[in-house]
Protein chains: 2
Amino acid sequence: MSTIAEFARASREASRLLAASPAAKRQQVLQLLADQLQSARTEVLAANEQDVAAARAKGQGDALIDRLTLTPARLDQLATAVRNIAAQADPVGEIVEQRTRADGLELARMRVPLGVIAMIFEARPNVTIDAAALCLKSGNAAILRGGSEAICSNRVLASMVRASLDAAGLPTDAVQLMPTTERSDLLELLRCDESIDLVIPRGGEGLIRFVAEHSRIPVIRHYKGVCHLFVDQDADLDLALRVLLDGKVSRPAVCNALETLLVDAPIAAQFLPRVAEALGKRGVGMVACPRARAFLATARDATDADWDREYLDLMISVRVVDGLDEAMAHISRHGSLHTEVIITRDAARAQRFQREVDASAVMWNASSRFNDGGELGLGAEIGISTTKIHAYGAMGLAALTTQKWLVSGDGHIRHPELL
Amino acid sequence: MSTIAEFARASREASRLLAASPAAKRQQVLQLLADQLQSARTEVLAANEQDVAAARAKGQGDALIDRLTLTPARLDQLATAVRNIAAQADPVGEIVEQRTRADGLELARMRVPLGVIAMIFEARPNVTIDAAALCLKSGNAAILRGGSEAICSNRVLASMVRASLDAAGLPTDAVQLMPTTERSDLLELLRCDESIDLVIPRGGEGLIRFVAEHSRIPVIRHYKGVCHLFVDQDADLDLALRVLLDGKVSRPAVCNALETLLVDAPIAAQFLPRVAEALGKRGVGMVACPRARAFLATARDATDADWDREYLDLMISVRVVDGLDEAMAHISRHGSLHTEVIITRDAARAQRFQREVDASAVMWNASSRFNDGGELGLGAEIGISTTKIHAYGAMGLAALTTQKWLVSGDGHIRHPELL
């Protein structure tokens, strides 16, 4: 057996012990970990400085350096995040459904951990802690494979998690950091389908496509969020503007931010000048279709490719459409199954939009920014899925579990006539 | 774009229309299909005779010929199965959860179809109808790829489904039969991850491993069912014998039949002679560990490989174990995550077994044969999953859906302070 296969098998073994462990022990690990993140911060920050220095020496850009950098404040936030995860209800062992058949056979469904989850991520070292905490809370072993930029930070953080596991009497291999960041080792890891149950890549589209293409293990995919706001002819335009601004400017770099505005033709002349003013004031650039451009002096012409663009920046694509059907056709063609919004006072049209548009969350008179684990009541999220297998949308602790049947009888059999 | 990619894309297009279609139309398709299966049986039987003749000419075995053969009675059963699926509750559009936040924002989760499901199967032509009916009932488009042995039967059956779709005013491409049974075309189909959401292989382990290895689309895996019965020292032995016989002899060729008997040491001398007599009378052969052989005159010595064997026949492996922990360790090593059973009067041990044993269904004093969609109240099943991603165990209509969020507000935004 190869080194990587043995490494993955150690996670599988640990996952069995972890799944059978009492909730209190897993809880204890998280508390110890949160404490350590604050008490042993000097060690973490020193390792992180090494990573940052190496990244600067390599000439990495400011955005990457920012994602890579840990500070005392960020470590405090991370400790708080771990305590919040610890405070969530324990999903393991929850009975989600229960009934007794007419013949007295008792059926129940119990939530159980998935087993072993591999997280593949890039420069953010905080994912090491986030992912470990969510996996442990849900009774899963975790294999963590961060980017080479963060290797020193990740080693210290992962060893903190393992020390916490050890102190609580749980197997340290319940959380393992990949010993190398070689691509060939990652490829080998992605073939360990006997030992790993789920792969969650977190990062840019390139990373996710690479993992999805090479994995023999199921992969949660989240390519991008091209979220649309459709302002229907019966919209309250003040409300529409409010939801547009929240979706575009409150945090443009996140996946539930808006990328495209679709405006119903009958209100274009009235609404678009207000859009131009409000977005212009906030420094949002625009590309637009010819009909929209008539009302948007500063917009440049949209190219075909613009309708598929995830700007993650202060930019928006604007198009005038003829009614709900054209808006839905546009979304069906260019949407990314993430978040879509309709603004209207017409309940029938809103319901049709909510029912027919294919996205993990469909909003009516509410901001796209609500498609978020915390806002939806799921607690911290480990990722967002834009494919429909296993999970669709924000993934909280429940998405890291599955359900098994417990069937209890009194000698119940199916074919007494054969005995 | 290749022919197969275009073929898959036609399914994707049809799936969008299907997902938005009223339940009544999908219902109508199933009723028309059931009627046709009975009224146009001559045509189906003629095509099936061609397949059977070709299989005989090739020297195929009796088991394959039996799986391949359709008869008037089997067509009637198939029509009944379609009517039963039609009679199940419609899963599409079901609101599974609903609540209002303190700020008035309304959250709901709605069940929606997965999209496009590819079924890869072998010689049984009835899967064409079963799979099409379950996919249509759950609002999914289906791509069907049967074995070459059944190609004439499958063509007639698929064209019946398509004629029923057409008569109900739904797109015929909602159900497509792969035009060829070339392996190269199957490989290409398994790469169409933009157009297909889920692949369900149904057949032998070789087929399933082939599909899992080559698919870029998520695959429901069901390798085998090596199901154990553990008879604890506090078991009611009459009850244990009853559950053993039902699990082993009522239908040995199915995946929820028993393959291994584990007997707790303190009761081996009392229980095993009764096992030998009861199984012997029903023609069940035995392989056994040395301690069990002492009580089983006709058993041969078990080899290491026997503990992983899925006999699907009148054979069983028997082992004496020292208590619950050894039984669970054996199951953890040799089980297939399918169905496991404990027989005991001791509630604490039963609960530990049910909680800790990893299998899609864990029975206490009840037969393994209850791990079945119909018995568990799920209705007809499209397959059984022995991996934990998306579905674990029997998959009914709900397993062919996912859930999207509907969020409805009154201009709700996340950051009013920024406006």
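What follows is calculated from the coordinates using simple rules that are stated; it is not laboratory data. Just so it is clear, the structure is predicted and the values come from calculations on it, not from any experiment. Please note: Cβ atoms are built from the backbone with ideal geometry, for glycine as well, and neighbour counts cover all protein chains shown.
Taking amide H positions as placed 1.01 Å from N in the peptide plane, with prolines and chain starts having none, which residues 5 or more places from B:Ala394, or on another chain, fall under 5 Å of its amide H?
B:Ser385
If you average the C-alpha positions of region A:174-221 and of region A:75-146 separately, how far apart do those two centres end up, in angstrom?
Cα centres, region A:174-221 to region A:75-146: 19 Å.
Sorted from shortest, what are the nm distances separating the label point of A:Thr80 from equivalent points in the other copies, each placed 7 Å from Cα along Cα to C-beta?
6.4
Can you work out the Karplus-derived ³J(HN,Hα) for every residue in region B:219-226? Use 6.51 cos²θ - 1.76 cosθ + 1.60 with θ = phi - 60°, whole Hz, and x for glycine or proline.
The phi angles translate into 10, 7, 9, 8, 6, 6, x, 9 Hz.
State, to one decimal in nm and shortest first, how far the label point of B:Lys25 sits from each corresponding label point in the other identical copies (label point: 7 angstrom along Cα-to-Cβ).
With the label placed 7 Å along Cα→Cβ, B:Lys25 yields 5.6 nm.
Return the FRET efficiency for the residue pair A:Glu13, B:Glu326: r is the Cβ-Cβ distance, R0 is 22 Å, and the value is rounded to the nearest 0.05.
On the way: r = 17 Å, r/R0 = 0.79.
Once the sixth-power term is evaluated, E becomes 0.80.
How high is the relative contact order of chain B, given as a whole-number percent (alpha carbon pairs under 8 Å, six or more residues apart)? Show your work: numbers first, answer last.
Details: 812 pairs, mean separation 71.6, N = 419.
Once divided by the residue count of chain B, the mean separation gives 17 percent.
Taking R0 as 60 Å, what's the FRET efficiency between B:Asp236 and B:Glu213 from their Cβ-Cβ distance, rounded to 0.05? Working shown, then result.
Numbers: r = 45 Å, r/R0 = 0.75.
So the FRET efficiency works out to roughly 0.85.
For the residue pair B:Glu97 and A:Gln88, what label-to-label distance in nm results when each label sits 7 Å from Cα along the Cα-to-beta-carbon direction?
Distance between label points: 1.1 nm.
Compare the peptides B:157-169, B:277-289 by average per-residue count of other Cβ atoms within 10 angstrom and give them in order, highest first. It would help to have the intermediate numbers written out before the result.
On the way: B:157-169: 20.3, B:277-289: 17.3.
Answer by packing, highest mean first, reads B:157-169, B:277-289.
If you count, for each residue, the other Cβ atoms within 10 Å and average over each peptide, how do A:324-334, B:386-396, A:24-34 line up from highest to lowest?
B:386-396, A:24-34, A:324-334
Looking at chain A, do any whole DSSP H helices span at least 15 angstrom along their long axis by alpha carbon and average 1.0 or above on Kyte-Doolittle, and which?
A:126-137, A:237-249
What does the copy distance list look like for A:Lys281, label position 7 Å along Cα→Cβ, in nm and ordered from shortest?
9.0
Measuring from label point to label point, each 7 Å out along Cα→Cβ, what is the B:Arg345 to B:Ala167 span in nm?
Inter-label distance under the simple model: 6.0 nm.
So which residue of B has the beta-carbon closest to the axis that swings B onto A, and how many whole Å away?
Axis-proximal residue of B, distance in whole Å: B:His390, 2.
For a Förster distance of 45 Å, can you work out the FRET efficiency between the beta-carbons of A:Arg352 and B:Asp304, rounded to the nearest 0.05? Walk me through the numbers on the way to the answer.
On the way: r = 61 Å, r/R0 = 1.36.
Given R0 = 45 Å and the Cβ-Cβ separation, E is 0.15.
Can you pick out the pairs among A:Lys137/A:Lys404; A:Lys137/A:Lys388; A:Lys58/A:Lys248; A:Lys137/A:Lys248; B:Lys25/B:Lys388 whose Cα atoms lie more than 26 Å from each other? Each step should come with its number before you reach the end.
Numbers: A:Lys137/A:Lys404 18 Å; A:Lys137/A:Lys388 24 Å; A:Lys58/A:Lys248 33 Å; A:Lys137/A:Lys248 34 Å; B:Lys25/B:Lys388 33 Å.
Violating the 26 Å limit, Cα to Cα: A:Lys58/A:Lys248; A:Lys137/A:Lys248; B:Lys25/B:Lys388.
What average number of partner chain Cβ atoms lie no more than 10 Å from the Cβ of the residues making up B:384-393? List each step's numbers first, then the result.
Values: counts 0, 1, 0, 8, 12, 13, 6, 4, 8, 5.
Average per residue, whole number: 6.
Taking the Cα of B:Leu314, stepping 7 Å toward and past its beta carbon, and measuring to each backbone N in region B:253-289: which are under 16 Å?
B:253-254, B:258, B:276-287
May I ask what percent, to the nearest 5, of DSSP beta bridges between residues of chain A are antiparallel? Present the calculation step by step, with values, prior to reporting the outcome.
On the way: 16 of 54 bridges.
Taking every DSSP beta bridge within chain A, about 30 percent pair in antiparallel fashion.
Once a ≥ b ≥ c are taken as the square roots of the eigenvalues of the Cα gyration tensor of chain B, is the result rounded (a/c under 1.5), prolate (a/b larger than b/c) or oblate (a/b not larger than b/c)?
Values: a/c = 2.23, a/b = 1.36, b/c = 1.63.
The shape class here is oblate.
With each run of n ≥ 4 DSSP H residues scored as -39500 (n - 2.57), what mean residue ellipticity at 222 nm is computed for the protein assembly as shown after dividing by its residue count and rounding to the nearest 500 deg cm²/dmol?
Mean residue ellipticity, 222 nm, calculated: -13000 deg cm²/dmol.
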